[in-house]
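To keep things clear, I will list the structure first and then write my remarks on it.
The values are calculated or read from the model by the stated rules, or taken from the named source; none is laboratory data. Bear in mind that the values here come from a model prediction, so they are computed numbers and not experimental data. Here the Cβ is made from the backbone with ideal geometry for all residues, glycine too, and neighbour counts use every protein chain on show. Ligands, DNA and RNA are excluded from the accessible area calculation, which covers all protein heavy atoms including side chains. Shrake-Rupley method; radii C 1.70, N 1.55, O 1.52, S 1.80 Å.
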There are 2 protein chains.
Amino acid sequence: MQEGSWIQRYIVPLVTADGADRLRDDVALLSAGGASIITMDTLVEGVHFLASDPRATVGQKLVRVNVSDILAKGAEPQQALVSIAWPKSAAESDFEALMTGLGRDLTEFGIALIGGDLVSTDGPLTLTMTLTGQCFSSGPVRRTGGRAGQDLLVHGEIGWGGLGLQAARGQGDANVVRRYQVPEIGDRSVAQVVAAQASASMDVSDGLLLDVSRLAAVSGCGAAIELANVPLAAPSRALEKILAQCVSGDDYRILIAVPFGTEIPGFSRIGCLTESPGLVLTYEKQVVNPPSTLGFEHEGQL
Amino acid sequence: MQEGSWIQRYIVPLVTADGADRLRDDVALLSAGGASIITMDTLVEGVHFLASDPRATVGQKLVRVNVSDILAKGAEPQQALVSIAWPKSAAESDFEALMTGLGRDLTEFGIALIGGDLVSTDGPLTLTMTLTGQCFSSGPVRRTGGRAGQDLLVHGEIGWGGLGLQAARGQGDANVVRRYQVPEIGDRSVAQVVAAQASASMDVSDGLLLDVSRLAAVSGCGAAIELANVPLAAPSRALEKILAQCVSGDDYRILIAVPFGTEIPGFSRIGCLTESPGLVLTYEKQVVNPPSTLGFEHEGQL
């Protein structure tokens, strides 16, 4: 790898923001004004994506897992820094593909690349993005703002990440595989809804049931979920299949707590926050035992 | 590794800033006000530090390589996010040591840890820090502001990084090894000088001669360096030993261009910027051929 020339050839063309000074410096100027938030997510080959995943989709996934965190806070993504630890023996064409995917989704979500780092590694491809966002209201919508009695809504469908990973491992349907490689996430209009209406919000990345439990716990509540109301990637009446989709990760959908009775297009009401702690599951109003594993804890988001 | 419990046990205690919301969320609030800058640096085991380096010093080095970038821009470090890709088989005691070193230097440099990510990897320990800084003047001092005729000054001594690495590889003097493991860098008073007096500035991380060439080139100049005036870690009159220290990396000292004749305590005048491009070296006014390698390009700072 020729770091200097790769930066010039593949990365500088993605950099247009004034504050980045065409990457001629070690630092970038942050945009000013309003409430700014920041997040950081890392993807490791073999842990967060498959070694066989096309590098273009890996670049898109890196953007999307970070954008998802920003949108879930009622904010619009703004500026990104990217660190790439590139395996010494990997081909330049793979690097080009990574940058193509990265560039595509930076454009898609209106993000300015302002800096980062490119280093070589003896290990797996390891990617870190730091992404800033501008809040649509006076600050980020926290996970902690939920109150007992509020409704829990989720945006989009749940389970595509898990189904896609399963398909990828079994050489399954390419359209389903793609849902794992390039997760569908919300856009700025979803973030505006979150900012205007949600008391608490987070993205669902480690499994719906685990993330519902987390939001409820840090809000000082419990939660009750009606499984029949969860919008599933693969709708089913078999409890096992429903639960499997509710505990698989990599969905990057948004979960919000809103005042009782609030209806929002694109969002589904899946349950409510309760006074008593813990998670209660029902299916067509019959109580169901929660599965032993509520999600994937391979992520340690700080 | 139990990401969740390790975060609670080792990382949350380091987090006290309001904007971090005790790490209960995916994002942190950025501090507002003034000109804010941001940088990101990655350290890979076996590339940027030795597998045998104590994990406490690795944590300190992660802070220092980033702080060095911020100080060199005439700014004070403020908020940090840290991503840790932790080898699956590594011991918890090593993680604790990493956090101890990290915490020590976050405190030393007055930095608030506000977020990050902790993931596992099959590869080498890989650490990324994103660090923000607040400029002491209206914006960062860029690399590009140098003009022909200006003096080039360097803060502190040059060559400790290389000598320390050499010693570490040969089981050398522990005090010298430590200069590689925990580079000495400037502090906020140095950054204030940079903000007040420098036309161009950068940190010297890849070898003095390479970094002088870079600053000169992006400022549209050349440079002339008098080797006898370079403040060396191991002073010598042997040209080979002088040049070796001027091309070794990992020094994290600050190089600035200032108006002709400017004298600043702690800084040494090593040469000047010239109208004609390229690098001219002299030793006691005799022209010296530049070495074939001016520094280490293993870093690909974006």
* Give A:Val204, A:Val177 a once-over and let me know the one that is farther than 24 Å from A:Glu263 by Cβ and buried (at least 22 other Cβ atoms within 10 Å of the Cβ). => A:Val177
* Taking into account only those residues within the stretch A:15-50 that are under 14 Å from A:Leu131 (Cβ atoms), more than 7 Å from chain B (Cβ to nearest Cβ) and part of a loop (DSSP other than H, G, I, E, B), which is least open to solvent (accessible area, probe 1.4 Å)? -> A:Ala17
* Determine whether A:Gly123 is part of a strand (DSSP E or B) and within 7 Å of chain B (Cβ to nearest Cβ). => no
* Out of B:Ile256, B:Ile242, B:Ile225, sole residue that is closer than 15 Å to B:Asp203 by Cα and among the β-branched types (Val, Ile, Thr) -> B:Ile256
* Asked: Among the candidates B:Thr144, B:Thr132, which residue alone is among the polar types (S, T, N, Q), crowded, with 24+ Cβ neighbours inside 10 Å and within 9 Å of chain A (Cβ to nearest Cβ)?
  -> B:Thr132
* All but one of (1) modelled with pLDDT of 95 or more; (2) more than 19 Å from the chain's Cα centre (by Cα); (3) small (Gly, Ala, Ser) hold for A:Ser120, so report the exception by its number. => (1)
* Single condition A:Val63 does not satisfy, out of (1) more than 14 Å from chain B (Cβ to nearest Cβ); (2) modelled with pLDDT under 95 -> (2)
* Structure fact -> By residue number, the members of the stretch A:211-235 that are open to solvent by 20 Å² or more (accessible area, probe 1.4 Å) and assigned to a helix (DSSP H, G or I) are A:Ser213, A:Arg214, A:Ala217, A:Val218, A:Ala228, A:Asn229
* To do: Could you list all residues from the stretch B:180-229 that are closer than 20 Å to B:Phe109 by Cβ, within 14 Å of chain A (Cβ to nearest Cβ) and of a type in the set (D, E, K, R)?
  => B:Asp203
* To do: Tell me, please, whether a residue that is of a type in the set (A, V, I, L, M, F, W, C) and away from chain B (no Cβ under 12 Å) can be found in the stretch A:66-84.
  => no
* Asked: Exactly one of (1) modelled with pLDDT of 95 or more; (2) within 30 Å of B:Met129 (Cα to Cα); (3) buried (at least 22 other Cβ atoms within 10 Å of the Cβ) is unmet by B:Leu281. Its number?
  -> (2)
* Please state which of the following conditions B:Met99 fails to meet, knowing it meets all the rest: (1) surrounded by fewer than 24 Cβ atoms within 10 Å (Cβ to Cβ); (2) assigned to a loop (DSSP other than H, G, I, E, B); (3) within 14 Å of chain A (Cβ to nearest Cβ); (4) of a type outside the set (Phe, Trp, Tyr). => (2)
* Give B:Ala216, B:Ala223 a once-over and let me know the one that is touching a strand residue (DSSP E or B) at 6+ places or on another chain (Cβ under 9 Å) and within 30 Å of B:Thr128 (Cβ to Cβ). => B:Ala216
* Asked: Quick check, is B:Ala238 surrounded by fewer than 20 Cβ atoms within 10 Å (Cβ to Cβ) and within 14 Å of chain A (Cβ to nearest Cβ)?
  -> no
